[in-house]
Amino acid sequence: MARLAAVAGVVSFAVGAESAADGVLDLRAKVVSVATGGALTITVLRWSTDAERSPLLAAVSAQPPAPAPPAGGRAAGRGGRGAPPPTPAQRLATAVKAAPTLGYIWGEGVTGYSIKYAWRSPSADRIIVVIDRRLGAHAPEWGLAASSAPEPDFTVIELHLDAAGAGEGKSSLSAAVIVDPAAPTLALDRFSAAPALLRVSR
C-alpha cells in the first residue's frame, strides 16, 4: 500500500447530526496545515450492505490464482514468465470502482470523492469509509508528501470515537489495509501504531 512519508497537517472533524432511522451521517472537516487550511464535508447517505461489502473484503483477503501455463507447457511473456497476478491493492481498487456510491467527501473546490464503502460498529465508536481516489491528491496545501510508489485509486479512512464523539482518524496513506474478520470489515493494520491524520471532535 502507499505510505504517507510526512504529515504536516491535521484534519479536524466535527460530527454532525445523525439519523438513526436512515443511517445518514454528516461530518464537517477542517484541514489545518503549515501553509493554509481548507474545509471538508463528509456525507454518508447510507451504510454498505453485507452484499456490497463482500467483494471488497474478498479483494483483500483472497489469494490470487496461480497463472495457468499456455498450451505447450511454457508460460507466455519475456523469459517464459506470464503477467504477475494483481496485488491486493490492485484488486481492491477494482472492487472500489465497481461499488455503488454511498456518499461524498467534498473540499472547498470542485474536487470531490465518492464514498464507495461505509461501515460502523454497532456501538458507533468505529467508522470506516473508503473513497475512490487518494485523499488530498489534488490538495498540495495539505502538506501530504507524495510517495515514490504507485498510488492506489482509493483511500481507506478509519475513525475511532469515544462516548462523547471525540477521537482520531487514520488512513491507508500510512497503514496497510487488512480485513478485520471479527466485524467483518476492511480496517487498517496496527491502527494504534499508525500516525494520526484526522482529529475528531464534537
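Annotation note: Cβ proximity below 7 Å between a residue of region 106-117 that is touching a residue at least 12 places away in the same chain (Cβ under 8 Å) and a residue that is among the hydroxyl-bearing types (Ser, Thr, Tyr) and surrounded by fewer than 13 Cβ atoms within 10 Å (Cβ to Cβ) (sequence gap 6+ or interchain) occurs for SER114/THR101; ILE115/THR101; LYS116/THR101. Of all residues in region 148-193, those satisfying the criterion of being assigned to a loop (DSSP other than H, G, I, E, B) and modelled with pLDDT of 90 or more are PHE154, SER172, ALA175, ALA176, PRO181, ALA182, ALA183, PRO184, ASP189, ARG190. Being over 14 Å from the mean Cα position of the chain (by Cα) and small (Gly, Ala, Ser) holds for only one residue in GLY112, GLY136, GLY103, and it is GLY112.
For region 16-32, the tally of residues that are at pLDDT below 50, under 21 Å from ALA166 (Cβ atoms) and either of a type in the set (Lys, Arg) or not in a strand (DSSP E or B) (or both) stands at 1. Take LEU198 and tell me if it is modelled with pLDDT under 85, crowded, with 20+ Cβ neighbours inside 10 Å and in contact with a Lys or Arg (Cβ under 9 Å, 6 or more places away or on another chain). The answer is yes for LEU198. Note on region 36-54: among residues that are among the aliphatic types (A, V, I, L, M) and not in a helix (DSSP H, G or I), the one that is modelled with the highest pLDDT is LEU45.
Looking across region 55-86, the residues that are closer than 24 Å to ALA118 by Cβ and either modelled with pLDDT under 90 or in contact with a strand residue (DSSP E or B) (Cβ under 8 Å, 6 or more places away or on another chain) (or both) come down to LEU56, LEU57, VAL60, SER61, ALA62.
Taking the stated definitions as given, is ALA118 part of a loop (DSSP other than H, G, I, E, B), at pLDDT 90 or above, under 29 Å from THR49 (Cβ atoms) and not hydroxyl-bearing (Ser, Thr, Tyr)? No; evaluated as a whole, the condition is false for this residue.
The values are calculated or read from the model by the stated rules, or taken from the named source; none is laboratory data. All values reported here derive from a predicted model rather than from experimental measurement. Note that we place each Cβ from the backbone using ideal geometry, even for glycine, and neighbour counts take in every protein chain shown.
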